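Chemist: I'd like to ask you about the structure that follows.
The values are calculated or read from the model by the stated rules, or taken from the named source; none is laboratory data. None of the values given here were measured: they were computed from a predicted structure. Methodologically, a virtual Cβ is constructed for each residue, glycine included, from the backbone with ideal geometry; neighbour enumeration extends over all protein chains shown. We work out accessible area using only protein heavy atoms, side chains counted, and drop any ligands, DNA or RNA first. Shrake-Rupley method; radii C 1.70, N 1.55, O 1.52, S 1.80 Å.
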Amino acid sequence: MNEKTLLEILSNLEDHRIERKKEHSLIDIVSITIAAVICGAENWNQIEMFGRSKQEWFKTFLKLPNGVPSHDTFNRFFSLLNPDKFELVFMEWVNSISERIKGEIINIDGKTIRGAKEYGKKSSIHMVSAWANTNNLVLGQLKVNEKSNEITAIPNLLDVLFVENSIITIDAMGCQTEIAKKIIEQKADYILAVKGNQKTLEQNIEDSFRFIKPEETSESVDAGHGRVETRKCMIIKNLEHIENPAKWINLKTIIKVESERYIKSTAKTEKSTRVYISSLNSTAENFQNYIRTHWSIENKLHWTLDVAFHEDDSRKRAGNSAQNFSVVNKIALNKLKNEKTLKASIMTKRLNAGWDEAYLKTIFEV
């Protein structure tokens, strides 16, 4: 899919502005913003400066009848833009470029944008995102007021994502019967972490592994970055110790992962145990891999947004600007991650895009 198609999708975005006050088209404003963020811009002033420095390049595919908008125009536009409609357009675009991969692992997790707050509120903005591991794409996001509201946001996010034949992994916050039901209704499978918010279920799983011999075990060892980590994944498909297992729709397997991490610099060993439930009838080795991929949403999405995009440092407070800028960041990240001609970090790609207009065009066409 090329950038023209993205522009066509964006052209369907409802423009909230009064017709007589439009000096710049919606496509011009959004396109300049996305390109500027790809190249490293983090605020409205930088976006305006970037637009002016690349004005001749933008004129090759944008009309710009009144030149490049001011930073105040960018700020006003995104603070008043309906974020729910912008997110739906974003997901429509992602849906059109992602491959239909049977068994795609989709990780769902929340992230707080600590510096950004809604006007008049003390709490930071919290976003729930879906990450497709094989496609290497952010599939979508929804804003919630508090981390605890992830429980209600996840089903809404699943409603607008194409997840059929995928495996959905969610941390303990999403271990809810209604979320499991929603995933099965969407013709996908689930792997849900179990912790204290489901105390009875957690105890049932611990009892199962105490009294029933695991049917299969998979062990892996990783060494690097000054540590050696050993992980043992055990599975049981006998649910006799699970109280009312039928309430967890299609529950087939309970999983236990024991990790032991040796830190070379301190000569200390850290141990942890995590348990899960799943609708999959699979092997211990597969569950080992599926569960490990859940952390890709931390490493490939959340960490990148913080380190490369400095999202946690954002101070956007006006209206819907923080939520909408989060969508722009994810559009930029998707394009950068899926541009394969340059083997480099996200930060290096962003620098190169700012210096080399041919390379920026390549990213736009991903």
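Chemist: Is there a pair in 337/361; 102/337; 59/85 whose C-alpha atoms are over 18 Å apart, and which pairs would that be? Please list the in-between numbers first.
Modeler: Working: 337/361 15 Å; 102/337 21 Å; 59/85 27 Å.
In this structure, 102/337; 59/85 exceed 18 Å between Cα atoms.
Chemist: More than 13 angstrom separation, counting every C-alpha pair in segment 230-277; what % is that?
Modeler: Values: 727 of 1128 pairs.
Roughly 64 percent, rounded to a whole number.
Chemist: Can you sort 23, 87 by solvent-accessible area, 1.4 Å probe, largest first? Walk me through the intermediate numbers first.
Modeler: Numbers: 23 115, 87 5 Å².
From most accessible down to least: 23, 87.
Chemist: Given springs between every Cα pair under 10 Å in a Gaussian network model of the chain, which of 12, 329, 66 has the largest fluctuation?
Modeler: Of 12, 329, 66, the Gaussian network model singles out 66 as fluctuating most.
Chemist: Compute the Rg to Rh ratio over the chain from the alpha carbon atoms, using the Kirkwood formula for Rh, and round to two decimal places. Intermediate results must be reported in sequence, preceding the final value.
Modeler: Details: Rg = 22.6 Å, Rh = 22.2 Å.
Rg/Rh: 1.02.
Chemist: Per DSSP H run of at least 4 residues, take -39500 (n - 2.57); add these up for the chain, divide by its residues and hand me the 222 nm value, nearest 500 deg cm²/dmol.
Modeler: My calculation for the chain gives -11500 deg cm²/dmol from helical runs alone.
Chemist: While we're here: Can you give the accessible area of residue 72 in Å² (nearest 10), computed on protein heavy atoms with a 1.4 Å probe?
Modeler: 80
Chemist: Quick one: grab the alpha carbon gyration tensor of segment 150-242, order the square roots of its eigenvalues as a ≥ b ≥ c, and give me rounded if a/c is under 1.5, else prolate or oblate depending on whether a/b is larger than b/c. Each step should come with its number before you reach the end.
Modeler: Values: a/c = 1.92, a/b = 1.34, b/c = 1.44.
Taking the square roots of the gyration eigenvalues as a ≥ b ≥ c, segment 150-242 is oblate.
Chemist: Inverting the mean 1/r over all pairs of different Cα atoms, compute the Kirkwood radius of segment 9-77 and quote it in Å. Don't jump to the answer; show the numbers that get you there.
Modeler: Details: mean 1/r = 0.0820 Å⁻¹.
About 12.2 Å for segment 9-77.
Chemist: Residue 18: accessible area at probe 1.4 Å, nearest 10 Å²?
Modeler: 90
Chemist: Which angle from 0 to 90°, rounded to the nearest 10, does the C-alpha axis of helix 150-160 make with the longest principal axis of the chain?
Modeler: So the inclination is approximately 70 degrees.
Chemist: For the chain, modelled as a Gaussian network with Cα springs under 10 Å, which listed residue fluctuates most, 130, 153, 223?
Modeler: 223
Chemist: So for the chain, averaging the separation of alpha carbon pairs under 8 Å that are six or more residues apart and normalising by length, what relative contact order in percent results? Write down the numbers at each step before the final one.
Modeler: Working: 638 pairs, mean separation 72.6, N = 366.
Reported as a whole number, the value is 20 percent.
Chemist: Let me cross-check residue 222: its accessible surface, 1.4 Å probe, with only protein heavy atoms counted, in Å² to the nearest 10?
Modeler: 40
Chemist: Keeping every protein chain present and rolling a 1.4 Å probe, give me the accessible area per residue for the chain in Å². Kindly include the intermediate steps, with their values, before the conclusion.
Modeler: On the way: 17200 Å² over 366 residues.
Using a 1.4 Å probe on heavy atoms only, each residue of the chain averages 47 Å².
Chemist: Work from the charge dipole of the chain (Cβ charges, +1 for Lys and Arg, -1 for Asp and Glu, about the Cα centre) and give the residue of 336, 308, 133 farthest towards its positive end.
Modeler: 308
Chemist: Taking only Cα atoms, what is the 0 to 90° angle, nearest 10, from helix 26-38's long axis to the longest principal axis of the chain?
Modeler: Helix 26-38 sits roughly 60 degrees off the main axis of the chain.
Chemist: From the phi angles alone, apply the Karplus equation (6.51, -1.76, 1.60; θ = phi - 60°) to segment 250-261 and give each ³J(HN,Hα) in whole Hz, x where the residue is Gly or Pro.
Modeler: 6, 4, 10, 9, 10, 10, 10, 10, 9, 10, 10, 10
Chemist: Quick query: amide H of residue 137 versus all other amide H atoms, modeled in the peptide plane; which residues come in under 5 Å with a sequence gap of 5 or more or a different chain?
Modeler: Close amide H contacts, sequence-distant or interchain: 132.
Chemist: With a ≥ b ≥ c taken as the square roots of the eigenvalues of the C-alpha gyration tensor of segment 292-366, please select rounded if a/c is under 1.5 and otherwise prolate if a/b is larger than b/c or oblate if it is not? Mind dumping the intermediate values first?
Modeler: Values: a/c = 2.03, a/b = 1.27, b/c = 1.60.
In terms of gyration-tensor shape, oblate.
Chemist: Kindly express, to the nearest 10 degrees and within the range 0 to 90, the angle between helix 44-53's C-alpha long axis and the longest C-alpha principal axis of the chain.
Modeler: So the helix axis and the longest Cα principal axis differ by about 50 degrees.
Chemist: For residue 190, which sequence-distant residues (separation of 5 or more, or a different chain) have an amide H within less than 5 Å of its own amide H, given hydrogens modelled in the peptide plane?
Modeler: When sequence neighbours closer than 5 places are left aside, the close amide H contacts are 168, 279, 280.
Chemist: Calculate the all-directions average of the projected area of segment 33-184's alpha-carbon convex hull, and give it in nm². Show your work: numbers first, answer last.
Modeler: Values: hull surface 42.8 nm².
So the Cα hull casts an average projection of 10.7 nm².
Chemist: Accessible area of the chain with a 1.4 Å probe: how many percent of it is carbon plus sulfur? Display every interim value, and only then the final one.
Modeler: Working: 8190 of 17200 Å².
The nonpolar share, carbon plus sulfur, comes to 48 percent.
Chemist: Ordering 366, 328 by how much accessible area each has at a 1.4 Å probe, largest first, what is the list? Mind dumping the intermediate values first?
Modeler: Values: 366 40, 328 0 Å².
Output order, biggest surface exposure first: 366, 328.
Chemist: Same structure again: For 326, 265, give me the order by solvent-accessible area with a 1.4 Å probe, most accessible first, ignoring ligands, DNA and RNA.
Modeler: Per-residue accessible area, sorted high to low, gives 265, 326.
Chemist: Here's something else I'd like to know. If you take all C-alpha pairs in segment 222-325, what percent of them are over 19 Å apart?
Modeler: In whole percent, the share of Cα-Cα pairs in segment 222-325 beyond 19 Å is 64.
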